Amino acid sequence: MAVTVVVASRNRRELLLRTLPRHLALPERPAVVLVDNASTDGTAEAVREALPGVRVISLDRNQGAAARNAGLREARTPYVAFCDDDSWFAPGALGRAEALLDATPRLAVLNARILVGEEERLDPTCEEMARSPLPAAPGQPGHPLLSFVACGVVVRRDAVLEVGGFEERFAVGGEEELVGWDLAAAGWQLSYVPDVVAHHHPPRQPPRSERLEIGVRNTLWTTWLRRPAGPAARRTVRDLRRFPAHPATARGIARAVAGIPWVLRERRVSPPHVEQMRRLLEDQQVRSVSRRYVA
């Protein structure tokens with residue numbers, strides 16, 4: 001099996017003890033790596049004792065989504081399947097993903113069809129992916145993308161490492177978009193392939209304002225880091241109008257503004273072909289909103 005499953009988690013010991021065996025039981029028998037994000041609940045020790053088939057990497061501090069980078073570096077296979085501590089791939093899905101990646105040398109990201117909960121609802125993001133207006137490259141499978149959902153995706157290890165992996169400053173929340181844009185800038189392909197299936201069973205919990213705060217900040221940072229000045233300004237205005245009226249939104253905007261010195265140091269505008277892809281996606285979003293209002 002040329003795929004390693006990488007799970008990054010923090011303080012979810014009991015959940016991991018239920019979900020990690022699902023990866024070990026897959027017929028493809030992938031290697032499984034847990035990146036423990038400086039948990040304080042004994043996660044690493046419990047997994048090592050109960051599941052010796054899982055390789056555990058213990059980080060000395062919480063790196064957020066960037067913990068996945070440690071899993072990428074640990075993997076010894078050309079492909080890595082990212083899962084959250086509450087998601088897993090269906091039997092046979094990783095074998096299908098491996099075959100498609102083998103057959104498509106410029107494909108760096110294969111996003112699965114993600115089914116949510118016991119009722120297996122299609123993740124709304126997958127519905128959007130299936131309507132992608134982006135043109136496919138010759139031989140590219142599925143629906144072309146510019147971003148992905150990291151709880152059910154198989155990536156080409158070297159491609160993601162080549163573009164620097166996940167940015168630690170982003171923590172968790174929309175961190176995939178910057179990686180997707182950088183992969184496209186480097187000439188890699190991203191695809192949503194519905195016949196590769198993953199399951200996601202997030203625990204029921206009340207909405208957290210911190211997640212909104214981080215999402216607002218990361219949305220603004222991603223725009224400012226990679227888009228040309230004019231489109232960045234227009235997109236910022238549009239985002240500020242659509243963000244929900246909530247104290248967490250104001251905090252997220254303030255945190256984004258506070259990070260402007262870092263943004264200016266790290267800013268690297270994407271090449272024109274990536275900006276054209278972004279515009280196609282934005283045009284689709286505008287048409288979708290317009291149809292809803294007309295209806």
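The values are calculated or read from the model by the stated rules, or taken from the named source; none is laboratory data. Keep in mind the model is a prediction, meaning the values are calculated, not measured. Every residue, glycine among them, receives a Cβ derived from its backbone with ideal geometry; neighbour counts consider all protein chains shown.
Would you confirm, using the coordinates I've provided, whether Ala8 is closer than 20 Å to Glu176 by Cα and among the small types (Gly, Ala, Ser)? So Ala8 fits the description; yes. Among the conditions (1) at pLDDT 95 or above; (2) more than 19 Å from Ala112 (Cα to Cα); (3) assigned to a helix (DSSP H, G or I), Ala159 misses just one, which is (2).
Would you mind stating whether Val155 is β-branched (Val, Ile, Thr) and surrounded by 14 or more Cβ atoms within 10 Å (Cβ to Cβ)? Give the steps one after another, and end with the answer.
Values: β-branched (Val, Ile, Thr): yes; surrounded by 14 or more Cβ atoms within 10 Å (Cβ to Cβ): yes.
Spelling it out, Val155 is indeed β-branched (Val, Ile, Thr) and surrounded by 14 or more Cβ atoms within 10 Å (Cβ to Cβ).
Given the options Val163, Val196, Val179, name the one that is touching a residue at least 60 places away in the same chain (Cβ under 8 Å) and either among the aliphatic types (A, V, I, L, M) or in contact with a Pro (Cβ under 8 Å, 6 or more places away or on another chain) (or both).
Numbers: Val163 fails: touching a residue at least 60 places away in the same chain (Cβ under 8 Å); Val179 fails: touching a residue at least 60 places away in the same chain (Cβ under 8 Å).
From the options Val163, Val196, Val179, the qualifying one is Val196.
Just to check your reading of the model, which residue among Arg241, Arg234 is more than 22 Å from the chain's Cα centre (by Cα), loosely packed, with under 13 Cβ neighbours inside 10 Å and not assigned by TED's automatic domain parsing to the domain that holds Glu168? On inspection, the qualifying residue turns out to be Arg241. For region 37-64, a residue qualifies if it is small (Gly, Ala, Ser) and either more than 24 Å from Gly173 (Cα to Cα) or in contact (Cβ under 8 Å) with a residue 24 or more places away in the chain (or both), and the qualifying residues are Ala38, Ser39, Gly42, Ala46, Ala50, Gly53, Gly64.
If you go through region 78-108 and keep only what is in a strand (DSSP E or B) and over 24 Å from Thr19 (Cβ atoms), you end up with Leu107, Ala108.
Looking only at residues of region 193-214 that are in contact with a helix residue (DSSP H, G or I) (Cβ under 8 Å, 6 or more places away or on another chain) and within 16 Å of Phe148 (Cβ to Cβ), we find that the one that is surrounded by the fewest Cβ atoms within 10 Å (Cβ to Cβ) is Pro194. For region 158-185, residues that are crowded, with 21+ Cβ neighbours inside 10 Å, over 18 Å from Val5 (Cα atoms) and among the charged types (D, E, K, R) total 2.
Run down Trp188, Trp221 and say which single residue is in contact (Cβ under 8 Å) with a residue 40 or more places away in the chain, under 22 Å from Ala150 (Cβ atoms), in the same structural domain as Leu100 (by TED's automatic domain parsing) and crowded, with 18+ Cβ neighbours inside 10 Å. Can you show your working first?
Working: Trp221 fails: in the same structural domain as Leu100 (by TED's automatic domain parsing).
Going through Trp188, Trp221 in turn, just one is in contact (Cβ under 8 Å) with a residue 40 or more places away in the chain, under 22 Å from Ala150 (Cβ atoms), in the same structural domain as Leu100 (by TED's automatic domain parsing) and crowded, with 18+ Cβ neighbours inside 10 Å: Trp188.
Might you check whether a residue that is among the polar types (S, T, N, Q) and surrounded by fewer than 19 Cβ atoms within 10 Å (Cβ to Cβ) occurs anywhere in region 86-100? No, region 86-100 has no match at all.
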